[in-house]
1. Hey, among Lys82, Lys44, Lys65, which residue is more than 30 Å from His164 (Cα to Cα) and in a helix (DSSP H, G or I)?
2. Say whether the condition of being loosely packed, with under 11 Cβ neighbours inside 10 Å and either at pLDDT below 90 or among the small types (Gly, Ala, Ser) (or both) is met by at least one residue in region 77-88.
3. Residue check: is Ile92 over 12 Å from Phe121 (Cβ atoms) and either surrounded by 12 or more Cβ atoms within 10 Å (Cβ to Cβ) or assigned by TED's automatic domain parsing to the domain that holds Met172 (or both)?
4. Given the criterion of a type in the set (Asp, Glu) and touching a strand residue (DSSP E or B) at 6+ places or on another chain (Cβ under 7 Å), identify the matching residue among Asp86, Asp76.
5. How many residues does region 103-161 contain that are part of a loop (DSSP other than H, G, I, E, B), within 16 Å of Ser181 (Cβ to Cβ) and among the basic types (Lys, Arg)?
6. Scan region 146-159 and give yes if some residue there is crowded, with 19+ Cβ neighbours inside 10 Å, at pLDDT 90 or above and in contact with a Leu (Cβ under 7 Å, 6 or more places away or on another chain), otherwise no.
7. Pick from Ile143, Ile174, Ile119, Ile128: which is free of Cβ contacts under 8 Å to residues at least 60 places away in the same chain and touching a Cys at 6+ places or on another chain (Cβ under 7 Å)?
8. From the list Ile119, Ile143, Ile128, which residue is β-branched (Val, Ile, Thr), closer than 17 Å to Lys82 by Cα, surrounded by 15 or more Cβ atoms within 10 Å (Cβ to Cβ) and out of contact with any Lys or Arg (no Cβ under 8 Å at 6 or more places or on another chain)?
Amino acid sequence: MVKMDMEGGFKESALRLNAYLVKLTEWNEQHIKERAKQLADKAKEIWEFPEMTDSDLAPYRIEEKPAERYTIDTYDVNVFTKTLFDVLDRRIQNLSPSVKREFKKLYVAYKLDTNFVDIVFQKQRLRISVNMKFGDVIDPNGICRDITGLGRWGNGDVELYMEHTSDVDQVMEIIEQSFRSQAD
């Protein structure tokens, strides 16, 4: 109520919008809501919502394209790489019911909150990107490669390959580390 009586305050205001305030002896939640309603009604009166036809709006509408859906058939897969993928895919998905598989444009992603491993199909093998810092990976078999700072499809600084179905246990050892680091 200080602003009411001060010099140049609401009592001296020439604005018709302030006429409501001059009549008040107190300022509380109910009065604030009533004032807000009056101002909103006045704004609607002054600035009417435009009436436009669909043809008026047509030039300004953005046509949304349906999101592309990718499947295993999206990739350059042969019988051999499909077999490798099936073996690895089953093992990755068996890590937890929380694992989500997404077929992206260029790779297959497995994630919890974010990708923990990505798979790219190559002619005779699978290229696997593990979303970890290279220095954090425990790699007793020496199958990982440091790809820090290199541009390629996938996430993380660790890359390895699966060239035979018999590689699955070694590959899963590395993938499980990334999975556990996200699950914790």
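The values are calculated or read from the model by the stated rules, or taken from the named source; none is laboratory data. It should be emphasised that the depicted structure is a prediction, and the values quoted were computed from it without experimental measurement. Glycine gets a Cβ as well: all are built from the backbone with ideal geometry, and neighbour counts include every protein chain shown.
1. Lys44
2. no
3. Answer is yes for this residue.
4. Asp76
5. Result for region 103-161: 1.
6. Scanning region 146-159 turns up no residue that is crowded, with 19+ Cβ neighbours inside 10 Å, at pLDDT 90 or above and in contact with a Leu (Cβ under 7 Å, 6 or more places away or on another chain).
7. Ile174
8. Every option except Ile128 fails the conditions.
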